[in-house]
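First comes the structure, then the notes that go with it.
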Protein chains: 2
Amino acid sequence: MGVFSKTCEYAIRSVFFIAHRTTSGSRVGIKEIANGIDSPEHFLAKILQDLSRRGIVQSVKGPNGGFYIDEIGLKRPLSDVVEAVDGKSIFTGCGLGLAYCSETNPCPLHHEFKAIRNQLKNLLEQTTIADFSESLNLGITKLRK
Amino acid sequence: MGVFSKTCEYAIRSVFFIAHRTTSGSRVGIKEIANGIDSPEHFLAKILQDLSRRGIVQSVKGPNGGFYIDEIGLKRPLSDVVEAVDGKSIFTGCGLGLAYCSETNPCPLHHEFKAIRNQLKNLLEQTTIADFSESLNLGITKLRK
DNA sequence: TTAATAAAAGATGAATAACTCTTTTATTTT
DNA sequence: AAAATAAAAGAGTTATTCATCTTTTATTAA
């Protein structure tokens, strides 16, 4: 079991891929994205439809159509993508699944978990999609299996 | 989606509960545990059967029977419980679900994730079941909703 | 304005995780 | 030895996540 759901993993990978592949005006098709990040095509289509509805990515139909990310989108933190797919419980939920765990009624792992979760939160909030796209341009990191 | 699976959450909570409720020689029944940690009884029974087979907890059948944790078990790190249920991929797997992500072929989040995951690993490896049981004795932390 | 392209939308299917119920086996007490 | 107790084991069911397939709608180019 990963930190993110499978759906969210595909979402993040596809967003990185789109940001990396498209420059102003250009778009990339679902087939190419699915192949590029090694994900099931039709499943990814569903995910991108959703991200499109939420304004995280943009799309146009028809010939030369496909997905791209606008200027505003590139400056968005990665946390926006994660929240859109998995919700924000990942940043706030109790590590032991206790609904009423809180500062005043903490579970045995509350304080320790809080520190770790905050680190994850900061990482995802402080790094934009564009930041990662740059590191991909440098060839340091890869997206495919 | 939490850090741990639901199964693992119940496992951790039940282990804390058993450690807290039992002193040398005494045992606690499945009904009482399920009620104490707010979990489905029969589902928890399955989980504890498994933990028992793996030696994480001990059990005896019949009247005055139930579950307990022996001296060795109390000194076990919490990571043993997590590993028994969710496996160790939680400590090592790629955050983006890439099978071949590694130090030499890192995904865009590899290094950042490594730091966070190591913190989680350290927390679970360095704290024993007994440690948590103590904090429960002090009434600082709670297990039920 | 017709044909081709590519995403959107809808419906369905498979796999896994979560949960329930019933029967069996071991242990203890009477 | 018999009855009661409590976990072990086995066989389901339900819900959720993951994935596929088909049809529709929007856009472009010939």
Inset, instruction - With the condition kept exactly as written, say whether any residue in region A:96-114 is in a loop (DSSP other than H, G, I, E, B) and in contact (Cβ under 8 Å) with a residue 60 or more places away in the chain. - result: no
Inset, instruction - Write out, first by first residue and then by second, each pair whose Cβ atoms fall under 6 Å of each other, whose residues are 6+ apart or on separate chains, and whose first residue, in region A:1-15, is more than 7 Å from chain B (Cβ to nearest Cβ) while the second is assigned to a loop (DSSP other than H, G, I, E, B) and near DNA strand D (Cβ under 8 Å from one of its atoms). - result: A:Tyr10/A:Ser39
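Yes/no matrix, rows are residues, columns are (1) near DNA strand D (Cβ under 10 Å from one of its atoms); (2) not aromatic (Phe, Trp, Tyr):
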| position | (1), (2) |
| --- | --- |
| B:Glu9 | no, yes |
| B:Phe16 | no, no |
| B:Ile37 | no, yes |
| B:Ile47 | yes, yes |
| B:Lys61 | yes, yes |
| B:Glu71 | no, yes |
Inset, instruction - Return yes or no: is A:Lys31 more than 12 Å from DNA strand D (Cβ to nearest atom), of a type in the set (Lys, Arg) and either without any contact (Cβ under 8 Å) to a residue 12 or more places away in the chain or assigned to a helix (DSSP H, G or I) (or both)? - result: yes
Legend entry - So A:Lys121, is it over 28 Å from B:Asn105 (Cβ atoms), open to solvent by 30 Å² or more (accessible area, probe 1.4 Å), outside any loop (DSSP other than H, G, I, E, B) and more than 9 Å from every other protein chain (Cβ to nearest Cβ): no
Inset, instruction - Give the residues of region B:23-64 that are open to solvent by less than 20 Å² (accessible area, probe 1.4 Å) and either among the polar types (S, T, N, Q) or within 12 Å of DNA strand C (Cβ to nearest atom) (or both), sorted by residue number. - result: B:Ala34, B:Ile37, B:Ser39, B:Leu44, B:Ile47, B:Leu48
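The values are calculated or read from the model by the stated rules, or taken from the named source; none is laboratory data. Remember, predicted model here, so these are calculated numbers, not experimental data. Every residue, glycine as well, gets a Cβ built from its backbone with ideal geometry; the counts of neighbours run over all protein chains shown. Calculation scope for accessible area: heavy atoms of the full protein, side chains included, ligands and nucleic acids excluded. Shrake-Rupley method; radii C 1.70, N 1.55, O 1.52, S 1.80 Å.
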